[in-house]
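Participant: Have a look at this one.
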Amino acid sequence: MDWRSLAADICNTHQTCLEINGTDCAQRCGGMAVLNWFDEYQQTSVDVCALVSDVSDWSHQQYVMHVEKSRQASLDTARYVWSRMPVGAVLLLSGSNALGIKSTVKQFAKLVGVEPELKINKQRARVVSFVKHSDVEPYDLLQLQVPADEDESRQLWTVPGVFSANELDKGTALMQDCLVDVAERVDIVDMACGVGHLGLFLLERWPQCSCLFLDADSRALSCLNRNIQDFNYQERARSQWWAAGTQLGEASCDLVVMNPPAHSGKQVDYHAAFTMFRQAHACLRPGGEMYIIANIQLPYEKELKTLLGTFSLVREEDGFKVMCVRKDA
């Protein structure tokens with residue numbers, strides 16, 4: 001049984017709830033769920049909001065939040081919910097021991113000044129209750145900025161929990177350096193775009209190009225859309241909430257860039273990456289290219305060489321590798 005289902009056992013079925021990062025409680029009690037990931041959004045029948053900041057109804061008397069891998073993201077979201085839920089309402093924090101639920105609860109209790117009550121402790125997971133006794137000042141979700149590229153002249157908006165939220169990671173910097181040598185293209189797709197490091201880099205370099213940005217994390221796309229506005233790329237850029245395997249419609253392009261995910265939760269999982277390779281190849285025009293950045297240990301070469309085209313290893317550096325597949329003309 002998924003540890004996220006534990007909280008549903010103690011939810012009050014006579015009251016609706018707002019549930020973050022899960023749906024079991026919302027299904028049992030009614031209400032709404034907030035799901036940041038597109039694949040989870042597709043699989044549920046409850047009312048769903050993609051971002052907690054888009055929630056308009058804060059009249060529920062119970063709120064359930066399942067912690068995520070990023071502790072800062074969990075604390076940030078919990079504080080946002082706490083500041084908006086009504087006095088007398090209950091917040092349940094749920095999480096596995098592997099995700100650090102004990103330390104997250106301890107930190108949150110210190111931040112809000114409320115003593116938690118342990119409700120469930122089993123299956124290597126916990127559910128802890130907090131009751132709101134008084135109004136608090138509104139809390140806004142953290143907004144961070146990281147360099148858009150290595151010269152640090154431009155900054156991109158990020159939030160805790162998205163890929164590389166606190167810095168320009170070495171793999172992305174290596175990919176940008178390799179893309180400097182690529183001939184200018186017209187139509188670009190940035191798969192698993194995050195907050196836009198690769199696609200925005202190309203929009204800056206090539207004034208005549210346009211870019212379709214795709215990502216499964218609604219928080220990353222929210223940051224990306226703000227970055228697009230800040231750089232005045234609205235007429236040349238569009239974004240889509242998308243997960244590997246979802247139809248891309250009539251997408252057709254000269255160049256695909258990607259930093260594909262290699263994990264599902266904490267488990268190594270290549271399925272999404274391999275699916276993205278096939279979809280990228282399908283939307284490339286003859287003679288078009290896809291560039292992939294990956295950890296040097298990831299076994300992507302064999303799969304990429306099955307695609308119709310020419311494979312090349314562009315560069316290896318700092319534990320990362322950039323690969324290219326040129327589609328047959």
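The values are calculated or read from the model by the stated rules, or taken from the named source; none is laboratory data. If you're wondering where the values come from, they're calculated on a predicted model, not measured in any experiment. Using ideal geometry, Cβ is built from the backbone for each residue, glycine included, and neighbour counts are taken over all protein chains shown.
Participant: Starting from residues that are touching a residue at least 24 places away in the same chain (Cβ under 8 Å) and of a type in the set (Asp, Glu), keep the ones in region 140-164 and report whichever is surrounded by the most Cβ atoms within 10 Å (Cβ to Cβ).
Facilitator: So, considering only residues that are touching a residue at least 24 places away in the same chain (Cβ under 8 Å) and of a type in the set (Asp, Glu), the one surrounded by the most Cβ atoms within 10 Å (Cβ to Cβ) is 149.
Participant: While we're looking at this one, here's another question. Which residues, taken from region 98-134, are assigned to a helix (DSSP H, G or I) and not basic (Lys, Arg)?
Facilitator: 98, 99, 101, 103, 104, 105, 107, 108, 109, 111, 112
Participant: Let me ask something else about it. If a residue has to be within 16 Å of residue 36 (Cβ to Cβ) and among the hydroxyl-bearing types (Ser, Thr, Tyr) to count, how many in region 200-245 make the cut?
Facilitator: Adding up the residues that qualify gives 3.
Participant: State the number of residues belonging to region 70-118 that are under 20 Å from the mean Cα position of the chain (by Cα) and among the acidic types (Asp, Glu).
Facilitator: Within region 70-118, residues that are under 20 Å from the mean Cα position of the chain (by Cα) and among the acidic types (Asp, Glu) number 1.
Participant: Please enumerate the residues belonging to region 214-264 that are in contact (Cβ under 8 Å) with a residue 40 or more places away in the chain, among the charged types (D, E, K, R) and over 15 Å from residue 199 (Cα atoms).
Facilitator: Passing the criteria: 217, 219.
Participant: Within region 102-135, count every residue that is among the aliphatic types (A, V, I, L, M), over 28 Å from residue 167 (Cα atoms) and surrounded by fewer than 16 Cβ atoms within 10 Å (Cβ to Cβ).
Facilitator: 3
Participant: Further, regarding this structure: Checking residue 301 against (1) in contact (Cβ under 8 Å) with a residue 24 or more places away in the chain; (2) within 21 Å of residue 174 (Cα to Cα), only one condition comes out false. Which one?
Facilitator: Here residue 301 meets the rest and fails (1).
Participant: Give 176, 234, 240 a once-over and let me know the one that is among the polar types (S, T, N, Q), surrounded by fewer than 18 Cβ atoms within 10 Å (Cβ to Cβ) and more than 19 Å from the chain's Cα centre (by Cα).
Facilitator: Result: 234 is the single residue among 176, 234, 240 that is among the polar types (S, T, N, Q), surrounded by fewer than 18 Cβ atoms within 10 Å (Cβ to Cβ) and more than 19 Å from the chain's Cα centre (by Cα).
Participant: Let me ask you something else. Sort through 277, 320 and tell me the only one that's in contact (Cβ under 8 Å) with a residue 12 or more places away in the chain, more than 17 Å from residue 169 (Cα to Cα) and in contact with a helix residue (DSSP H, G or I) (Cβ under 8 Å, 6 or more places away or on another chain).
Facilitator: Only one candidate passes the filter, namely 277.
Participant: Would you check which residues across region 82-117 are of a type in the set (Ser, Thr, Tyr) and touching a strand residue (DSSP E or B) at 6+ places or on another chain (Cβ under 9 Å) and list them?
Facilitator: The answer is 94, 96, 104.
Participant: Considering each residue of region 299-317, count those that are at pLDDT 95 or above and aliphatic (A, V, I, L, M), and give that number.
Facilitator: Counting residues in region 299-317 that are at pLDDT 95 or above and aliphatic (A, V, I, L, M) gives 3.
Participant: All but one of (1) surrounded by 15 or more Cβ atoms within 10 Å (Cβ to Cβ); (2) in contact with a Lys or Arg (Cβ under 7 Å, 6 or more places away or on another chain); (3) not aliphatic (A, V, I, L, M) hold for residue 187, so report the exception by its number.
Facilitator: Single failed check for residue 187: (2).
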